[in-house]
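Everything on this sheet refers to the single structure shown next.
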């Protein structure tokens, strides 16, 4: 009876040790795992913004996720007039600049490395075509991710 209990305890301890080793090797907070990934650079498009909001987005601003974690630093901001799609009097499709609204292209670099197949941004994944909210210090915009590129 004593041998069975001792054997069960030893097997349980061995299984727990194996689980602990696997966890330590695959843990995303492990410096070895984090060192394997790369930073990413991404381009966000925030379209049809009010001019006041567009002018509030600046280079070197920090982008936060919905939990308040610092995720990106803005490296470039391009503001352009928003495009307006209309049909002219002869029935042809025309593209014109909107007189008020702005399109903002935000290029940003991740502040930490990605360690999985995509960069985790709060509850969202940063992938081309994804729609994600972008939070600054005093602004929040809904964006489309246009491009994602890994950088060293």
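If you check residue 58 against the conditions, is it exposed (fewer than 13 other Cβ atoms within 10 Å of the Cβ), part of a loop (DSSP other than H, G, I, E, B), modelled with pLDDT of 90 or more and out of contact with any helix residue (DSSP H, G or I) (no Cβ under 7 Å at 6 or more places or on another chain)?
Values: exposed (fewer than 13 other Cβ atoms within 10 Å of the Cβ): yes; part of a loop (DSSP other than H, G, I, E, B): yes; modelled with pLDDT of 90 or more: yes; out of contact with any helix residue (DSSP H, G or I) (no Cβ under 7 Å at 6 or more places or on another chain): yes.
Yes: the conditions hold for residue 58.
Confirm whether residue 134 is assigned by TED's automatic domain parsing to the domain that holds residue 43, within 11 Å of the chain's Cα centre (by Cα) and surrounded by 13 or more Cβ atoms within 10 Å (Cβ to Cβ). First the steps, then the outcome.
Details: assigned by TED's automatic domain parsing to the domain that holds residue 43: yes; within 11 Å of the chain's Cα centre (by Cα): yes; surrounded by 13 or more Cβ atoms within 10 Å (Cβ to Cβ): yes.
Considered against the rule, which asks whether it is assigned by TED's automatic domain parsing to the domain that holds residue 43, within 11 Å of the chain's Cα centre (by Cα) and surrounded by 13 or more Cβ atoms within 10 Å (Cβ to Cβ), residue 134 comes out as yes.
I'd like to check something: does region 106-118 contain any residue that is part of a strand (DSSP E or B), more than 27 Å from residue 52 (Cβ to Cβ) and more than 22 Å from the chain's Cα centre (by Cα)?
No, every residue in region 106-118 fails to be part of a strand (DSSP E or B), more than 27 Å from residue 52 (Cβ to Cβ) and more than 22 Å from the chain's Cα centre (by Cα).
The values are calculated or read from the model by the stated rules, or taken from the named source; none is laboratory data. Being a predicted model, the structure only gives us computed values, none of them experimental. Ideal geometry is used to build each Cβ from the backbone, glycine not excepted, and the neighbour counts take in all protein chains shown.
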